[in-house]
Amino acid sequence: DGGITQSPKYLFRKEGQNVTLSCEQNLNHDAMYWYRQDPGQGLRLIYYSQIVNDFQKGDIAEGYSVSREKKESFPLTVTSAQKNPTAFYLCASSVTAFRVTGELFFGEGSRLTVL
Amino acid sequence: GQQLNQSPQSMFIQEGEDVSMNCTSSSIFNTWLWYKQDPGEGPVLLIALYKAGELTSNGRLTAQFGITRKDSFLNISASIPSDVGIYFCAGQRGRGTSYGKLTFGQGTILTVHP
């Protein structure tokens, strides 16, 4: 079945460690996104990629890094520079960033807890 | 970043009751979307609205794109226990630099008592 797969679903990290969250899609979508979700704050955009080998900062990119070497994959690294990394992270994709339909398809999320 | 004000923040209702929630913005959006998120899952699209004044239904759900393009409403009729979850509105400014970027509301947490 087509969809977006995020892994791991749960992750615990010690302070000062970097961690990478995986996001893979087999929908043949050009655009991919990373959102962070905190209680009562909705979804905030971290990074997005409109096409392979290109990505742009979202509203809260500090302390995060991404890569887009393959169309199917858009991993997110939460670095030690991120001051408050404990959150629920959601990866999403859309058919193309150049077609204004607005619809995003989301993965099931990864919950990161920093101890 | 840009903000969408979604209200109410939470609702506790009895099964069978109707539900209304809304989103407002100080800026114009050209697309409004409503998503539902079940606990521990990613949001799923419920309804998409592309024209000011548009009224669209999806089963027991009805959503409207405000005439001013600065607001949107979602109504759920005859609620059932599986309607429980977080409902998000999202807006997209349109073409150009916004591309697929959405701005999300804070979410409405819906609890339905049997």
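The listed residues B:Lys70, A:Lys71, A:Lys83, once ranked by accessible area (1.4 Å probe) with the largest placed first, stand as A:Lys83, B:Lys70, A:Lys71. Please report the relative contact order for chain A, taking Cα pairs under 8 Å with a sequence separation of at least 6, and give it as a percent rounded to a whole number. 35 percent. At q = 0.10 Å⁻¹, what is the log10 ratio I(q)/I(0) for the stretch A:16-115, with the Debye formula run over Cα points and no solvent? Ignoring solvent entirely, the Cα scatterers give -0.24. Amide H to amide H, with H built 1.01 Å from N, B:Arg93 comes under 5 Å of B:Asn30, counting only residues 5 or more places away or on other chains. Sorting A:Ile4, B:Ile109 by solvent-accessible area of protein heavy atoms yields B:Ile109, A:Ile4, largest first, with a 1.4 Å probe.
At each listed q (0.10, 0.15 Å⁻¹), what is the log10 of I(q)/I(0) that the Debye formula gives for the protein assembly as shown modelled as equal alpha-carbon point scatterers? Per q value, in the given order, log10 I(q)/I(0) is -0.45, -0.99.
Stokes-Einstein diffusion for the stretch B:31-107, with the hydrodynamic radius set to the Kirkwood value over Cα pairs and evaluated at 10 °C in a medium of 1.306 mPa s, equals 122 µm²/s.
Once the C-beta distance of B:Ile28 and A:Ile51 is scaled by a Förster radius of 25 Å, the resulting FRET efficiency is 0.35 to the nearest 0.05.
The values are calculated or read from the model by the stated rules, or taken from the named source; none is laboratory data. None of the values given here were measured: they were computed from a predicted structure. Cβ sites come from the backbone with ideal geometry, for glycine too, and all protein chains shown count toward neighbours. Accessible surface is based on the protein model in full, side chains and every heavy atom, while ligands, DNA and RNA are left aside. Shrake-Rupley method; radii C 1.70, N 1.55, O 1.52, S 1.80 Å.
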